[in-house]
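First up is the structure itself, then whatever we jot down about it.
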Amino acid sequence: MITIKDIAKEANVSEGTVDRVIHNRGGVSKKTEAKIKKILEFHNFSVNPVASALAMKNKHFIAALIPEYNDSDLFWKSPYLGILKGANDVKSFGVQVTTFTFNQYDPHSYLNTFNVLLETKPTAVIMVPNFSKETKRIVNKLEFLNIPYLFLNIDIDGFNNKAFVGQDSYMAGYIAGKLINLSIPKPSTFLIVQARHNITKNNAVSNRIKGFNDYFLKNNISSETLTLKIENLNNSSETKQKINSFLKQHPEIEGVFVPSSRIYIVVDCMDSNYLDKLELIGFDNTPQNIECLKNDSVAFLISQKPFEQGYESIRLMTDYLTLKKNMPNTKIHLPIDILTKENVDYNERNEFVIEYDNTKINS
(Lines give C-alpha, C1' and ligand atoms only; values in the text may rest on other atoms or scores of the structure.)
Protein backbone atom coordinates (compact mmCIF):
# COMPACT_ATOMS: atom_id res chain seq x y z
CA MET A 1 0.00 0.00 0.00
CA ILE A 2 1.46 3.35 -1.07
CA THR A 3 1.69 5.91 1.75
CA ILE A 4 2.05 9.68 2.00
CA LYS A 5 5.65 9.09 3.07
CA ASP A 6 6.28 7.13 -0.15
CA ILE A 7 4.72 9.89 -2.27
CA ALA A 8 6.81 12.55 -0.49
CA LYS A 9 9.99 10.59 -1.08
CA GLU A 10 9.26 10.13 -4.78
CA ALA A 11 8.38 13.82 -5.21
CA ASN A 12 11.37 14.91 -3.10
CA VAL A 13 9.16 17.03 -0.84
CA SER A 14 8.03 16.86 2.78
CA GLU A 15 5.08 14.76 3.92
CA GLY A 16 3.37 17.98 5.00
CA THR A 17 3.54 19.31 1.43
CA VAL A 18 1.91 16.15 0.11
CA ASP A 19 -0.77 16.40 2.79
CA ARG A 20 -1.54 20.00 1.79
CA VAL A 21 -1.97 18.99 -1.85
CA ILE A 22 -4.19 16.02 -0.98
CA HIS A 23 -6.50 18.16 1.18
CA ASN A 24 -6.33 21.27 -1.03
CA ARG A 25 -4.96 23.45 1.78
CA GLY A 26 -2.87 25.67 -0.51
CA GLY A 27 0.59 27.02 0.21
CA VAL A 28 2.22 24.89 -2.48
CA SER A 29 3.60 26.17 -5.78
CA LYS A 30 1.67 25.23 -8.91
CA LYS A 31 4.68 23.35 -10.29
CA THR A 32 5.14 21.27 -7.14
CA GLU A 33 1.40 20.70 -6.83
CA ALA A 34 1.22 19.43 -10.43
CA LYS A 35 4.19 17.13 -9.83
CA ILE A 36 2.61 15.64 -6.69
CA LYS A 37 -0.79 15.19 -8.32
CA LYS A 38 0.83 13.38 -11.24
CA ILE A 39 2.53 10.95 -8.82
CA LEU A 40 -0.73 10.49 -6.88
CA GLU A 41 -2.57 9.70 -10.09
CA PHE A 42 0.13 7.29 -11.26
CA HIS A 43 -0.14 5.28 -8.03
CA ASN A 44 -3.94 5.52 -8.00
CA PHE A 45 -3.66 7.06 -4.54
CA SER A 46 -6.88 7.96 -2.74
CA VAL A 47 -7.52 9.23 0.75
CA ASN A 48 -9.57 6.98 2.99
CA PRO A 49 -12.24 9.43 4.22
CA VAL A 50 -13.01 7.31 7.27
CA ALA A 51 -9.37 7.14 8.30
CA SER A 52 -8.89 10.83 7.62
CA ALA A 53 -11.86 11.79 9.77
CA LEU A 54 -10.79 9.48 12.55
CA ALA A 55 -7.26 10.83 12.51
CA MET A 56 -8.58 14.36 13.03
CA LYS A 57 -11.27 13.58 15.61
CA ASN A 58 -10.01 10.59 17.55
CA LYS A 59 -6.76 9.54 19.09
CA HIS A 60 -5.92 5.97 19.99
CA PHE A 61 -2.92 4.89 22.00
CA ILE A 62 -1.58 1.37 21.49
CA ALA A 63 0.95 0.16 24.05
CA ALA A 64 3.23 -2.75 23.13
CA LEU A 65 4.74 -4.85 25.93
CA ILE A 66 7.62 -6.94 24.59
CA PRO A 67 10.95 -8.38 25.84
CA GLU A 68 14.05 -6.25 25.46
CA TYR A 69 16.91 -7.34 23.21
CA ASN A 70 20.69 -7.18 23.55
CA ASP A 71 23.78 -8.23 21.59
CA SER A 72 23.62 -11.80 22.91
CA ASP A 73 19.90 -12.18 22.17
CA LEU A 74 18.82 -10.21 19.12
CA PHE A 75 15.57 -12.03 18.40
CA TRP A 76 13.28 -9.39 19.91
CA LYS A 77 14.86 -6.65 17.83
CA SER A 78 12.90 -7.86 14.80
CA PRO A 79 9.39 -7.63 16.36
CA TYR A 80 10.37 -4.24 17.78
CA LEU A 81 11.31 -2.96 14.32
CA GLY A 82 8.09 -4.40 12.90
CA ILE A 83 6.13 -2.50 15.55
CA LEU A 84 8.14 0.63 14.69
CA LYS A 85 7.24 0.29 11.01
CA GLY A 86 3.60 -0.33 11.89
CA ALA A 87 3.54 2.70 14.18
CA ASN A 88 4.81 4.91 11.37
CA ASP A 89 2.20 3.59 8.93
CA VAL A 90 -0.80 4.11 11.23
CA LYS A 91 0.01 7.66 12.35
CA SER A 92 -2.34 9.05 9.70
CA PHE A 93 -5.20 7.10 11.32
CA GLY A 94 -4.77 9.00 14.58
CA VAL A 95 -3.02 6.08 16.27
CA GLN A 96 0.03 6.51 18.47
CA VAL A 97 2.15 3.50 19.43
CA THR A 98 4.51 3.30 22.40
CA THR A 99 6.73 0.30 23.15
CA PHE A 100 7.62 -0.85 26.66
CA THR A 101 10.33 -3.50 27.12
CA PHE A 102 11.05 -5.87 29.99
CA ASN A 103 13.62 -8.48 31.01
CA GLN A 104 12.33 -11.73 29.53
CA TYR A 105 13.89 -13.77 32.36
CA ASP A 106 12.41 -11.72 35.20
CA PRO A 107 8.67 -11.90 36.02
CA HIS A 108 9.01 -8.86 38.31
CA SER A 109 10.34 -6.80 35.40
CA TYR A 110 7.37 -8.01 33.33
CA LEU A 111 4.84 -6.85 35.94
CA ASN A 112 6.62 -3.62 36.81
CA THR A 113 6.89 -2.60 33.16
CA PHE A 114 3.20 -3.34 32.68
CA ASN A 115 2.32 -1.06 35.60
CA VAL A 116 4.34 1.74 34.00
CA LEU A 117 2.54 1.05 30.71
CA LEU A 118 -0.84 1.23 32.41
CA GLU A 119 -0.13 4.72 33.73
CA THR A 120 -0.13 5.99 30.12
CA LYS A 121 -3.83 5.04 29.84
CA PRO A 122 -3.60 3.03 26.59
CA THR A 123 -6.59 2.40 24.35
CA ALA A 124 -5.31 -1.10 23.57
CA VAL A 125 -2.38 -3.34 24.46
CA ILE A 126 -0.25 -5.69 22.35
CA MET A 127 1.71 -8.01 24.62
CA VAL A 128 4.05 -10.99 24.69
CA PRO A 129 2.59 -13.20 27.47
CA ASN A 130 5.97 -14.29 28.76
CA PHE A 131 4.93 -15.69 32.14
CA SER A 132 1.59 -17.47 32.66
CA LYS A 133 0.99 -16.55 36.30
CA GLU A 134 1.86 -12.89 35.83
CA THR A 135 -0.09 -12.73 32.57
CA LYS A 136 -3.25 -13.66 34.48
CA ARG A 137 -2.73 -10.66 36.79
CA ILE A 138 -2.09 -8.35 33.84
CA VAL A 139 -5.10 -9.59 31.90
CA ASN A 140 -7.38 -9.19 34.95
CA LYS A 141 -6.42 -5.50 35.10
CA LEU A 142 -6.91 -4.98 31.38
CA GLU A 143 -10.33 -6.64 31.39
CA PHE A 144 -11.40 -4.67 34.49
CA LEU A 145 -10.49 -1.47 32.62
CA ASN A 146 -12.13 -2.77 29.41
CA ILE A 147 -8.87 -2.45 27.45
CA PRO A 148 -8.65 -4.85 24.46
CA TYR A 149 -5.43 -6.83 24.17
CA LEU A 150 -3.68 -9.02 21.64
CA PHE A 151 -1.04 -11.71 22.19
CA LEU A 152 2.16 -11.54 20.15
CA ASN A 153 4.57 -14.44 19.44
CA ILE A 154 3.58 -16.62 22.44
CA ASP A 155 0.13 -18.22 22.37
CA ILE A 156 -1.60 -19.04 25.67
CA ASP A 157 -5.12 -20.42 25.70
CA GLY A 158 -7.80 -19.56 28.24
CA PHE A 159 -7.76 -15.77 27.84
CA ASN A 160 -10.01 -13.28 26.07
CA ASN A 161 -7.32 -11.78 23.85
CA LYS A 162 -8.70 -10.41 20.60
CA ALA A 163 -6.21 -12.49 18.63
CA PHE A 164 -2.83 -14.17 18.62
CA VAL A 165 -0.26 -13.15 16.01
CA GLY A 166 2.69 -15.45 15.51
CA GLN A 167 3.87 -18.84 14.40
CA ASP A 168 2.04 -22.14 14.68
CA SER A 169 4.74 -23.42 17.01
CA TYR A 170 3.49 -27.02 17.02
CA MET A 171 3.62 -27.21 13.22
CA ALA A 172 7.04 -25.54 13.19
CA GLY A 173 8.35 -28.27 15.49
CA TYR A 174 6.68 -30.92 13.34
CA ILE A 175 8.46 -29.51 10.27
CA ALA A 176 11.76 -29.55 12.17
CA GLY A 177 11.23 -33.25 12.83
CA LYS A 178 10.57 -33.86 9.15
CA LEU A 179 13.67 -31.91 8.11
CA ILE A 180 15.99 -33.81 10.41
CA ASN A 181 14.47 -37.10 9.26
CA LEU A 182 15.05 -36.12 5.62
CA SER A 183 18.66 -35.31 6.50
CA ILE A 184 19.10 -38.63 8.31
CA PRO A 185 16.60 -40.98 6.59
CA LYS A 186 16.78 -43.84 9.09
CA PRO A 187 15.75 -44.42 12.70
CA SER A 188 18.19 -42.36 14.78
CA THR A 189 18.72 -40.74 18.15
CA PHE A 190 18.30 -36.98 18.40
CA LEU A 191 19.14 -34.54 21.16
CA ILE A 192 16.88 -31.64 22.17
CA VAL A 193 18.82 -28.88 23.95
CA GLN A 194 16.58 -26.71 26.11
CA ALA A 195 17.22 -23.85 28.51
CA ARG A 196 15.60 -24.69 31.83
CA HIS A 197 13.82 -21.32 32.12
CA ASN A 198 11.92 -22.15 28.91
CA ILE A 199 10.44 -25.34 30.32
CA THR A 200 7.59 -23.69 32.20
CA LYS A 201 7.44 -20.15 30.90
CA ASN A 202 7.55 -20.46 27.12
CA ASN A 203 4.55 -22.19 25.61
CA ALA A 204 5.98 -21.79 22.10
CA VAL A 205 9.09 -23.81 22.93
CA SER A 206 7.12 -26.65 24.54
CA ASN A 207 4.78 -26.79 21.52
CA ARG A 208 7.76 -27.01 19.16
CA ILE A 209 9.15 -29.93 21.14
CA LYS A 210 5.77 -31.68 21.06
CA GLY A 211 5.51 -31.16 17.31
CA PHE A 212 9.04 -32.48 16.80
CA ASN A 213 8.34 -35.66 18.77
CA ASP A 214 4.91 -36.13 17.19
CA TYR A 215 6.41 -36.21 13.70
CA PHE A 216 8.17 -39.48 14.52
CA LEU A 217 5.19 -40.92 16.42
CA LYS A 218 2.63 -40.15 13.72
CA ASN A 219 4.85 -41.50 10.95
CA ASN A 220 5.78 -44.66 12.84
CA ILE A 221 9.48 -43.82 12.77
CA SER A 222 11.32 -45.52 15.60
CA SER A 223 13.71 -42.65 16.30
CA GLU A 224 14.48 -41.68 19.87
CA THR A 225 14.78 -38.20 21.35
CA LEU A 226 16.86 -37.32 24.39
CA THR A 227 16.57 -34.00 26.23
CA LEU A 228 19.37 -31.99 27.79
CA LYS A 229 18.15 -29.21 30.10
CA ILE A 230 20.65 -26.48 30.85
CA GLU A 231 20.02 -23.93 33.58
CA ASN A 232 21.38 -20.96 31.66
CA LEU A 233 22.60 -21.18 28.07
CA ASN A 234 24.39 -17.85 28.52
CA ASN A 235 26.74 -19.50 31.01
CA SER A 236 29.22 -20.67 28.39
CA SER A 237 31.40 -22.75 30.68
CA GLU A 238 28.44 -24.70 32.08
CA THR A 239 26.86 -25.07 28.64
CA LYS A 240 30.10 -26.25 27.03
CA GLN A 241 30.77 -28.81 29.75
CA LYS A 242 27.22 -30.20 29.79
CA ILE A 243 26.77 -30.45 26.02
CA ASN A 244 30.08 -32.14 25.27
CA SER A 245 29.80 -34.44 28.28
CA PHE A 246 26.31 -35.49 27.21
CA LEU A 247 27.39 -36.13 23.61
CA LYS A 248 30.33 -38.20 24.86
CA GLN A 249 27.97 -40.29 26.98
CA HIS A 250 25.60 -40.78 24.04
CA PRO A 251 27.65 -41.46 20.90
CA GLU A 252 24.48 -42.72 19.21
CA ILE A 253 23.18 -39.13 18.80
CA GLU A 254 23.13 -38.06 15.15
CA GLY A 255 21.18 -34.81 15.23
CA VAL A 256 20.52 -31.86 17.54
CA PHE A 257 17.34 -29.79 17.76
CA VAL A 258 17.37 -26.42 19.57
CA PRO A 259 13.75 -25.17 19.83
CA SER A 260 14.72 -21.55 20.55
CA SER A 261 16.72 -18.74 18.98
CA ARG A 262 19.92 -19.77 20.82
CA ILE A 263 21.35 -22.43 18.54
CA TYR A 264 24.44 -20.29 17.92
CA ILE A 265 25.35 -20.69 21.60
CA VAL A 266 25.11 -24.48 21.29
CA VAL A 267 27.34 -24.33 18.20
CA ASP A 268 29.91 -22.14 19.95
CA CYS A 269 30.07 -24.55 22.90
CA MET A 270 30.20 -27.80 20.92
CA ASP A 271 33.55 -29.48 20.21
CA SER A 272 34.44 -29.48 16.52
CA ASN A 273 34.48 -33.27 16.27
CA TYR A 274 30.78 -33.32 17.18
CA LEU A 275 29.91 -30.40 14.91
CA ASP A 276 31.44 -32.21 11.94
CA LYS A 277 29.23 -35.27 12.26
CA LEU A 278 25.90 -33.96 13.63
CA GLU A 279 22.92 -32.39 11.85
CA LEU A 280 21.70 -29.27 13.70
CA ILE A 281 18.34 -27.51 13.36
CA GLY A 282 17.32 -24.34 15.16
CA PHE A 283 15.01 -21.33 15.05
CA ASP A 284 15.15 -17.72 13.93
CA ASN A 285 17.24 -15.73 11.51
CA THR A 286 19.27 -13.69 14.00
CA PRO A 287 22.68 -12.58 12.66
CA GLN A 288 24.52 -15.10 14.88
CA ASN A 289 22.31 -17.97 13.73
CA ILE A 290 22.66 -16.98 10.08
CA GLU A 291 26.44 -17.06 10.44
CA CYS A 292 26.17 -20.64 11.74
CA LEU A 293 24.00 -21.52 8.75
CA LYS A 294 26.47 -20.03 6.30
CA ASN A 295 29.48 -21.82 7.76
CA ASP A 296 27.64 -25.17 7.67
CA SER A 297 27.46 -25.61 11.45
CA VAL A 298 23.66 -25.57 11.19
CA ALA A 299 21.71 -27.38 8.46
CA PHE A 300 18.38 -25.53 8.75
CA LEU A 301 16.85 -22.56 10.52
CA ILE A 302 13.09 -22.16 10.87
CA SER A 303 12.05 -18.52 10.79
CA GLN A 304 8.88 -17.35 12.50
CA LYS A 305 8.93 -14.01 10.65
CA PRO A 306 9.26 -11.88 13.80
CA PHE A 307 9.36 -8.56 11.94
CA GLU A 308 6.03 -9.35 10.30
CA GLN A 309 4.59 -10.41 13.67
CA GLY A 310 5.24 -6.95 15.09
CA TYR A 311 3.95 -5.16 12.01
CA GLU A 312 0.81 -7.28 11.62
CA SER A 313 -0.18 -6.88 15.27
CA ILE A 314 -0.18 -3.08 14.91
CA ARG A 315 -2.18 -3.23 11.69
CA LEU A 316 -4.81 -5.56 13.15
CA MET A 317 -5.26 -3.59 16.34
CA THR A 318 -5.49 -0.33 14.40
CA ASP A 319 -8.26 -1.73 12.20
CA TYR A 320 -10.07 -2.92 15.30
CA LEU A 321 -9.85 0.49 17.02
CA THR A 322 -10.46 2.84 14.10
CA LEU A 323 -12.83 0.86 11.90
CA LYS A 324 -14.42 -1.35 14.59
CA LYS A 325 -13.25 -4.20 12.40
CA ASN A 326 -13.13 -7.58 14.09
CA MET A 327 -9.98 -9.68 13.78
CA PRO A 328 -10.18 -12.04 10.77
CA ASN A 329 -9.27 -15.00 13.01
CA THR A 330 -8.49 -15.46 16.67
CA LYS A 331 -5.17 -17.02 15.63
CA ILE A 332 -3.24 -15.29 12.86
CA HIS A 333 -0.42 -17.68 11.94
CA LEU A 334 2.35 -16.31 9.76
CA PRO A 335 4.24 -18.39 7.16
CA ILE A 336 6.85 -20.86 8.41
CA ASP A 337 10.07 -20.19 6.48
CA ILE A 338 12.72 -22.91 6.12
CA LEU A 339 16.11 -21.26 5.72
CA THR A 340 19.20 -22.92 4.25
CA LYS A 341 22.68 -21.72 3.47
CA GLU A 342 21.62 -21.27 -0.15
CA ASN A 343 18.46 -19.19 0.36
CA VAL A 344 19.07 -17.21 3.54
CA ASP A 345 20.36 -14.13 1.70
CA TYR A 346 17.09 -13.93 -0.21
CA ASN A 347 14.96 -14.01 2.91
CA GLU A 348 13.18 -10.68 3.24
CA ARG A 349 14.79 -8.55 5.98
CA ASN A 350 12.58 -5.46 6.08
CA GLU A 351 13.85 -4.66 9.56
CA PHE A 352 17.21 -3.56 8.14
CA VAL A 353 15.48 -0.93 6.06
CA ILE A 354 13.40 0.25 9.00
CA GLU A 355 16.43 0.37 11.28
CA TYR A 356 18.28 2.48 8.73
CA ASP A 357 15.35 4.87 8.35
CA ASN A 358 14.98 5.14 12.11
CA THR A 359 18.69 5.93 12.48
CA LYS A 360 18.33 8.76 9.96
CA ILE A 361 15.27 10.14 11.76
CA ASN A 362 17.00 10.17 15.15
CA SER A 363 20.38 11.45 13.93
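Details
- Among V21, V165, V205, the residue with the largest mean-square fluctuation in a Gaussian network model of the chain, with springs joining Cα atoms closer than 10 Å, is V21.
- With a cut-off of 11 Å between beta carbons, the residues surrounding G211 carry a summed charge of +2, where Lys and Arg count +1 and Asp and Glu -1.
- For the chain, calculated [θ]222 nm from helices alone, where every DSSP H run of n ≥ 4 adds -39500 (n - 2.57): -14500 deg cm²/dmol
- Protein heavy-atom accessible surface, 1.4 Å probe, per residue over segment 88-130: 42 Å².
- For the residue pairs K141/K229; K85/K121; K35/K324; K77/K229; K136/K240; K133/K229, the alpha carbons lie more than 29 Å apart in K141/K229; K35/K324; K136/K240.
- Percent carbon-and-sulfur accessible area, segment 117-231, ignoring ligands, DNA and RNA, probe 1.4 Å: 49
- Inter-part distance where segment 130-207 and segment 87-108 are each reduced to a Cα centre, Å: 21
- Positive-end extreme of charge dipole, segment 57-146 - chosen from Q96, F131, P79 (charges on Cβ): Q96
- Relative to the Cα centre, the charge distribution of the chain, modelled as +1 at Lys and Arg Cβ and -1 at Asp and Glu Cβ, gives a dipole magnitude of about 1380 debye.
- Dmax and Rg, reported as Rg then Dmax, of the chain (C-alpha, Å): 23.4, 79
- GluC sites (Glu not before Pro) within segment 51-144, DSSP loop, no more than 13 other Cβ atoms inside 10 Å: E119
- Here D268 sits with roughly 110 square angstrom of accessible surface, probe radius 1.4 Å.
- Taking every protein chain into account, the accessible area of segment 251-295 amounts to 34 square angstrom per residue (probe 1.4 Å).
The values are calculated or read from the model by the stated rules, or taken from the named source; none is laboratory data. In this text, all values refer to a predicted model and were calculated from it rather than measured experimentally. For neighbour counting, all protein chains shown are included, and Cβ atoms are generated from backbone atoms with ideal geometry for every residue, glycine included. For accessibility, only protein heavy atoms count, side chains too; no ligands or nucleic acids. Shrake-Rupley method; radii C 1.70, N 1.55, O 1.52, S 1.80 Å.
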